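Each value in this text was obtained by applying a stated rule to the coordinates, not by laboratory testing. Just so we're clear, the structure is a prediction, and the values are computed from it rather than from any experiment. All Cβ positions, even for glycine, are placed from backbone atoms using ideal geometry, and neighbour counts span all protein chains on display.
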């Protein structure tokens, strides 16, 4: 079936398929997004817009051994201090559709701590930080291992990790917010706003958001790793990164391929349309109002807490030594790869901040109802192209033990992270690690089993493991 336009918001049209609403998992996500977000509008937290007319998920395809995130800050941005923002707002969450709100009982918290320590040893992780935000608003925070191997500095709840492509969730939300304000049209060609950009004039903003533009991922360039590693302290510009973009994968709208180039350009677009450095816009719109005081845009902002150094290993053997990747700056893993990643992957954060962000974004506090519904329902637009993981407008719609989730994973050399929101249960989970050989989705699944028990629909499964 050819997707038909059934929802409109801001100045853009989002194409959804009617068949999407016949799928139980996707239908529940879309309906939940509308109901929860509408509750915020009712209480005056959001303006009311016009009426809208498996297995554990693997991370999105990596660009190279160095990255899975991307827009690089300009030299002028690097000198820009974090703006003073006073528009703060205490977190307020709507009622969630749970028959009995989940909470972190003392027994559950003790079991989570024990499981986290066990998982760190099982997967050979130098350090790990995790958080679960329960439906009643209570939070469990867990840490294990070290943030700095040589210094034997332990991971603490305020330790910031490079979160790589989880950065895309912030940028996607910003683009949709700008569309709500009629400052850009999702269906307009990107060159409408960036006329000097040398890309196919048929590529739309929408296609950048859901990776259907066909633009080649510059992190896949065969010679970029050598350039990044040759000078780890080098600050890359957007132009530097775009110079590694290769031949398109396909014509615009004719396929799906995860590409950091899409979000490199979206960062440029946000700055042009929002008329300000990306870091400043993110702080003003999201970070300060939501109280995300341990989240910062690397190489632009100063760190807001201790940092977890990044480590690589020369193989899967758990006895192998951790090899540090630092360039001795406050950018992790190191300056060249982070600035090359830019707006698609340069944010550093804590597990606590990320679960707060996930609940605010996917629970309806950040975007208008139609925008949130469109973000999720775009999974149906990309579905026919069989993406490696169901993907919407800057969101992965994966299942964990049969339970639908929304969120994103991230990967840089020496860092792997994941954040998920479970709408049916009303909980959010984030797992951050300072290594790149083991998949944190496995840790996420194991921790959720401690809280939720056996996979959904399973009557003969073994106890949580």
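Points worth noting:
- Value of relative contact order over the stretch 346-465, rounded to a whole percent, pairs C-alpha under 8 Å and six or more apart: 20
- Highest-first arrangement of 361-370, 237-246, where packing means the average Cβ count within 10 Å: 361-370, 237-246
- Highest mean packing first, where packing is the average number of other Cβ atoms within 10 Å per residue, the peptides 431-439, 371-379, 147-155, 284-292 line up as 371-379, 431-439, 284-292, 147-155.
- Within the stretch 252-274, backbone nitrogen closer than 20 Å to the virtual label 7 Å beyond the Cα of residue 192 toward Cβ: 252-254, 262-274
- Gain on full extension, evaluated as 0.36 nm per residue between residue 385 and residue 156 minus their Cα-Cα distance, stands at 78.3 nm.
- The mean sequence distance of close C-alpha pairs (under 8 Å, at least 6 residues apart), as a share of the length of the stretch 180-248, puts its relative contact order at 28 percent.
- Gain on full extension, evaluated as 0.36 nm per residue between residue 121 and residue 229 minus their Cα-Cα distance, stands at 35.9 nm.
- Protection proxy ranking, peptides 110-116, 138-144, 349-355, average beta carbon neighbours within 10 Å, highest first: 349-355, 138-144, 110-116
- If you plug the beta carbon distance of residue 318 and residue 182 into 1/(1 + (r/R0)^6) with R0 = 51 Å, you get a FRET efficiency near 0.40.
- Counting neighbouring beta carbons within 10 Å and listing from fewest to most, the residues 425, 187, 196 come out as 196, 187, 425.
- Difference of contour (0.36 nm per residue) and Cα-Cα distance, residue 202 to residue 302: 32.2 nm
- Gyration tensor verdict on the stretch 348-465 (Cα atoms; rounded if a/c is under 1.5, prolate if a/b is larger than b/c, oblate otherwise): rounded
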